[in-house]
1. Suppose each label sits 7 Å from its Cα in the direction of the beta carbon; what would the Lys75-Glu47 distance come out to in nanometres?
2. Between Glu19 and Ala68, how many nm apart are label points set 7 Å from Cα along the C-beta direction?
3. Could you calculate the contour length gain from Leu38 to Thr82, that is, 0.36 nm times the residue separation minus the distance between their Cα atoms, to one decimal place in nm?
4. Going by average Cβ neighbours within 10 Å, how do the peptides 77-83, 67-73 rank, with the highest at the top?
5. Return P(r) of segment 34-91 (all Cα-Cα pairs; 10 Å bins starting at 0; whole %; ordered from short to long distances).
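Bear in mind these aren't lab numbers, they're just calculated from the coordinates by the rules spelled out. Not measured: the values here are computed from a predicted model. Using ideal geometry, Cβ is built from the backbone for each residue, glycine included, and neighbour counts are taken over all protein chains shown.
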Amino acid sequence: MTIDVAPDTGTDGLRARVETVIEVIRPAIQADEGDIVLHDVDEATGEVSVELVGACVTCPASDQTLKAGIERILKDRVDGVTSVLNVGATLAGDGPIGAPDPNAPDPDPGTPVSL
């Protein structure tokens, strides 16, 4: 699937231009049962924070989708974007999304934990 998005150098704010491009690429992500949520656009640094959700959370290719797909398209098409970060990875801590916090106290030390 090719995504044809013309470069956007309009006068709208950076966030508005990023939102427009994300809406164009979203169907390609949703076609694989995933989605993308825009969290923040730092106008000063050009850093875009997104969260990949749905099937993207457990997909081994999600980093590739983020860097070689989403980041490349946004940097090519939206003047001012410098990087794209998946905040879902940082919100999850050190483990996969949904995994228990490894630093949390054991609620019942007498019960074995199944992983």
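1. Once both label points are built, they end up 1.6 nm from each other.
2. The modelled label-to-label distance comes out at 3.1 nm.
3. Full extension from Leu38 to Thr82 adds 14.3 nm.
4. 77-83, 67-73
5. Here the calculated profile for segment 34-91 is 25, 57, 18, 1.
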